[in-house]
Amino acid sequence: MISVIGDLSANEIEVKAKGLIGKNIILLETVDSTNTFAADLAEKVEDGTVVVADSQKKGRGRLGRTWISPPGSNIYLSVITKPSIHVEDGTLITVMAGVSCVHALRRSTGLDVAIKWPNDIVYGDKKLGGILTELRTQDERIIFAIIGIGINVNVSLDILPEDVREIATSLRNETGGCYSRTEIIAEILNELDRWYRIMKEKGGSNLILEWQRLNSTLGKKVMVIAGNETYGGFAESIDEKGMLILRLPSGETRKISAGDLKILRHQT
Ligand code: BTN
């Protein structure tokens, strides 16, 4: 099995891992999608096993989109978790991943990174990364959850397609620094381990409070596309499961579980 690819070192990540998440790292040079690979493996490995790839050939984003995954520069990883919680609480896993990434990236870079609902990692109005959580369920319980995390670390924006370049950024593009992916992955996994324990021991309320503290969405006028519907309104809060509570111009509120959200430029 490969243990080092450029600045990615499986052993170093394992040594830095303080808890369950990250004690077993599977490092791949390239793969279709770390999420697909992890889902195929999930029932045979321990809770907290992590698949990391230097590049992906068919990286997947939310809503069937492609996640551009060039080699040598970014983070593509999938964490296999077995939280034994009810399917209804599955959205908390994405909340947990967002909170963990923001803590880790703030500590590693000093940038004021935030979460944009539902699961974008942003700096200002530019996307730095995203989370794709996929669940396997049986009888209303989660058998396993794959937490897929993609972060633009050292990629030069010039090599990204133009439509992506307009909305995306990378850590290097924002600070001029070149970052060790090993260090950042270790930070993310240690944060995930901490919040995973909090979620299992105390439920989701601490996570939701932390998400509310770290987000860039609440208190703003937004436009949300959810399925075939488009809603304009005021992003009031998220509920105990991470659903967006949107106040419509009529004064009614609507809860939205998933969608594409745009923060409107004119807030008055
Ligand atoms: C999004 O914002 O649309 C979510 C992007 C998630 C990308 C990551 S990269 C690692 C993992 N493997 C995938 O195929 N997707 C996720």
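The values are calculated or read from the model by the stated rules, or taken from the named source; none is laboratory data. Remember, predicted model here, so these are calculated numbers, not experimental data. No Cβ is skipped: glycine too gets one built from the backbone with ideal geometry, and neighbour counts run over all protein chains shown. Quick note on the areas: whole protein, heavy atoms, side chains included, nothing else; ligands and nucleic acids left out. Shrake-Rupley method; radii C 1.70, N 1.55, O 1.52, S 1.80 Å.
Quick one: if you stick a label point 7 Å off each Cα along the C-beta vector at Glu43 and Asp163, how many nm between them?
Each label point is offset 7 Å from its Cα along the Cβ direction, giving 3.7 nm.
At a threshold of 8 angstrom on Cα-Cα distance, excluding pairs fewer than six apart, so keeping six or more, what relative contact order does the chain reach in percent?
Details: 577 pairs, mean separation 45.3, N = 268.
Result for the chain is 17 percent.
Pull up the DSSP beta bridges for the chain and report the antiparallel fraction as a percent, rounded to 5. Please list the in-between numbers first.
Numbers: 50 of 58 bridges.
Here the antiparallel bridges make up roughly 85 percent for the chain.
If one computes P(r) from the Cα atoms of segment 71-121, what percent of pairs lie at distances over 13 Å?
Values: 851 of 1275 pairs.
Here the tail beyond 13 Å accounts for 67 percent of pairs.
Just need log10 I(q)/I(0) for segment 121-195 at q = 0.26 Å⁻¹, Debye formula, equal scatterers on the alpha-carbon atoms, no solvent, rounded to two decimals.
Cα-only, vacuum Debye calculation for segment 121-195: -1.24.
Kirkwood hydrodynamic radius for segment 75-234: how many Å is it when counted over pairs of different Cα atoms?
Details: mean 1/r = 0.0605 Å⁻¹.
This gives a value of 16.5 Å.
Arrange the residues Glu14, Glu191 by how much accessible surface each exposes, largest first, with a 1.4 angstrom probe. Don't skip to the end; give the middle numbers.
Working: Glu14 50, Glu191 10 Å².
The most accessible residue leads, giving Glu14, Glu191.
Checking a compactness column here: for segment 221-268, what do you get for Rg(Cα) / (2.2 N^0.38 Å), N being the number of residues?
Working: Rg = 10.1 Å, N = 48, 2.2 N^0.38 = 9.6 Å.
Scaled against compact globular proteins, the figure is 1.05.
Over the chain, give the accessible area per residue in Å² for a 1.4 Å probe, as an integer. Walk me through the numbers on the way to the answer.
Working: 12440 Å² over 268 residues.
Per-residue accessible area for the chain comes out at 46 Å².
Please report the net charge: other residues with Cβ closer than 15 Å to the Cβ of Lys255, K and R +1, D and E -1. Spell out each step's value before the answer.
Values: positive: Lys241, Arg247, Arg254; negative: Glu88, Glu229, Glu236, Asp239, Glu240, Glu252.
After counting each charged neighbour, the total is -3.
Around Ile185, under 14 Å between beta carbons, what's the net of Lys plus Arg minus Asp minus Glu among the other residues?
Values: positive: Lys16, Lys18, Lys23, Arg107, Arg181; negative: Asp7, Glu12, Glu14, Asp54, Glu183, Glu187, Glu191, Asp193.
Every neighbour counted, the sum reads -3.
Top mean-square fluctuation among Gly148, Gly130, Gly176, Gaussian network model of the chain, C-alpha springs under 10 Å?
Between Gly148, Gly130, Gly176, it is Gly176 that shows the largest mean-square fluctuation.
If I take the Cα coordinates of segment 164-216 and project them onto the principal axes, what are the three extents in Å, biggest first?
Sorted from largest, the Cα extents of segment 164-216 read 39, 26, 17 Å.
Note down the Stokes-Einstein diffusion coefficient of the chain in µm²/s, whole number, using a Kirkwood radius over alpha carbon pairs, 4 °C, and 1.567 mPa s.
Values: Rh = 18.7 Å.
For these conditions, the coefficient is 69 µm²/s.
For segment 185-268, what number of Lys pairs, 8 or more residues apart or on separate chains, have alpha-carbon atoms under 29 Å from each other?
Total qualifying Lys-Lys pairs in segment 185-268 comes to 12.
I'd like to know how segment 45-162 sits against the 2.2 N^0.38 Å rule of thumb: what's its Cα Rg over that expected value? Mind showing how you got there, number by number?
Numbers: Rg = 14.7 Å, N = 118, 2.2 N^0.38 = 13.5 Å.
Normalised Cα radius of gyration, segment 45-162: 1.09.
Name all residues of segment 186-219 having a backbone nitrogen under 17 Å from the label point set 7 Å from the Cα of Ala226 along its Cα→Cβ direction, giving them as ranges.
217-219
Would you tally the net charge around Lys241, using a Cβ to Cβ cut-off of less than 14 Å, leaving Lys241 out, and scoring K and R as +1, D and E as -1? Working shown, then result.
On the way: positive: Lys255; negative: Glu88, Asp89, Asp239, Glu240.
Every neighbour counted, the sum reads -3.
log10 I(q)/I(0), Debye, Cα-only segment 143-268, no solvent, q = 0.15, 0.16, 0.21 Å⁻¹?
The Debye formula, applied to the Cα set alone, gives -1.00, -1.10, -1.24.
Could you state the number of Å between the C-alpha centres of segment 160-185 and segment 209-268?
Going from one Cα centre to the other spans 27 Å.
Restricting everything to alpha-carbon atoms, can you work out Rg to Rh for segment 1-67 with a Kirkwood hydrodynamic radius? The partial results should precede the final answer.
Details: Rg = 12.5 Å, Rh = 12.7 Å.
In segment 1-67, Rg relative to Rh is 0.99.
How large a share of the accessible area of segment 48-155, in percent, is made up of carbon and sulfur atoms when the probe is 1.4 Å and the other protein chains stay in place? It would help to have the intermediate numbers written out before the result.
Values: 1720 of 3730 Å².
About 46 percent, which is the carbon plus sulfur part of the accessible surface.
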